[in-house]
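The values are calculated or read from the model by the stated rules, or taken from the named source; none is laboratory data. Everything quoted here is computed from the prediction, not taken from an experiment. We place every Cβ from the backbone using ideal geometry, glycine too, and count neighbours over all the protein chains shown.
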Amino acid sequence: MAGLVIANWKMHGSTAAVAEFVDQWNRLPPLGHVDTVICPPYPYLAAVADAMTGMVLGAQNCAEADQGAFTGEVSADMLADWGCRYVLVGHSERRSLYGEGDAQVAIKARRVTAAGIKAVVCVGETLDNRESGGHEAVVGRQLQASLAEVPAAELVVAYEPVWAIGTGRVATPEQADGMHAVIRAHLHEQYGDAGNDVPIVYGGSVKPENAAELFQCPNIDGALVGGASLDAGSFWQIASAMGAGRA
Ligand code: PEP
């Protein structure tokens, strides 16, 4: 499979920043052997979709409900209608800051895949979980609870250790690859051979300086990139490192 590198801008950006990013991105050479997805905040989806070449559109979240009186919410169907092809579900910031649990993650993932687009289901352990040796069990439970009724063909799993997100503290290649192997085994158990084709991407302080080393790991199919995705040149370098690994 081609690599997959996803930009998560979180709540960053402005009309000017989008224009600058797009202008820089569109001047960079085309990438091979890697698919790139950009998840800007909702108000900038249109500007990004209209102007950017070579990237697929994604969103950072969606509603649990499909439609109705849910002020401030945006449904998976609306995002699909808008042209989004991926939606992040269960990002650790949604879990820790907004109290989203596995049950909500499961509903959202089903909504996204029912809309005919891909759910990027984020899982990952806290530092306490890792230091106590419970990290594999925690991630296993998150997968078990989140993936019911989510078809393998519409699924991406993002392994994002909470202690590595936005901290500058990246998992070692051995830590990341080891957990990806655990996730792959879980996917195989749940989906059979179809589970082997589900991309498993790593997220947590990925930067141009550490990307190539991570992407050499056999079980890492790409990255979910936060901070470094705000700069077109840095994001391109990360995606390029992934493409080089898959050439
Ligand atoms: C993320 O937001 O999913 C993320 C991995 O952020 P960062 O790359 O900044 O750690």
The residue that is modelled with the highest pLDDT, considering only those in segment 216-247 that are in a loop (DSSP other than H, G, I, E, B) and aliphatic (A, V, I, L, M), is Ile220
| said: Being within 14 Å of the ligand (Cβ to nearest atom), within 23 Å of Met1 (Cβ to Cβ), buried (at least 21 other Cβ atoms within 10 Å of the Cβ) and under 18 Å from the mean Cα position of the chain (by Cα) is the requirement here; does Ala171 meet it? | reply: yes
If you go through Asp66, Asp35, the only one that is within 18 Å of the chain's Cα centre (by Cα) and of a type in the set (Asp, Glu) is Asp35
When every residue in segment 206-226 that is of a type outside the set (Val, Ile, Thr) and within 13 Å of the chain's Cα centre (by Cα) is compared, the one farthest from the ligand (Cβ to nearest atom) is Asp221
ask   = Does Gly101 meet the test of being surrounded by fewer than 21 Cβ atoms within 10 Å (Cβ to Cβ) and either within 16 Å of the ligand (Cβ to nearest atom) or under 18 Å from the mean Cα position of the chain (by Cα) (or both)?
value = yes
If we keep only residues of segment 104-122 that are in contact (Cβ under 8 Å) with a residue 40 or more places away in the chain and in contact with a strand residue (DSSP E or B) (Cβ under 6 Å, 6 or more places away or on another chain), then the residue surrounded by the fewest Cβ atoms within 10 Å (Cβ to Cβ) is Thr113
Listed by first then second residue, the pairs whose first member lies in segment 14-37 and is in contact (Cβ under 8 Å) with a residue 12 or more places away in the chain, whose partner is of a type in the set (S, T, N, Q) and loosely packed, with under 15 Cβ neighbours inside 10 Å, with beta carbons under 8 Å and at least 6 positions apart or on separate chains, are Trp25/Thr53; Asn26/Thr53
Of the candidates Val156, Val138, the one satisfying the condition of being of a type in the set (A, V, I, L, M, F, W, C) and touching a residue at least 24 places away in the same chain (Cβ under 8 Å) is Val156
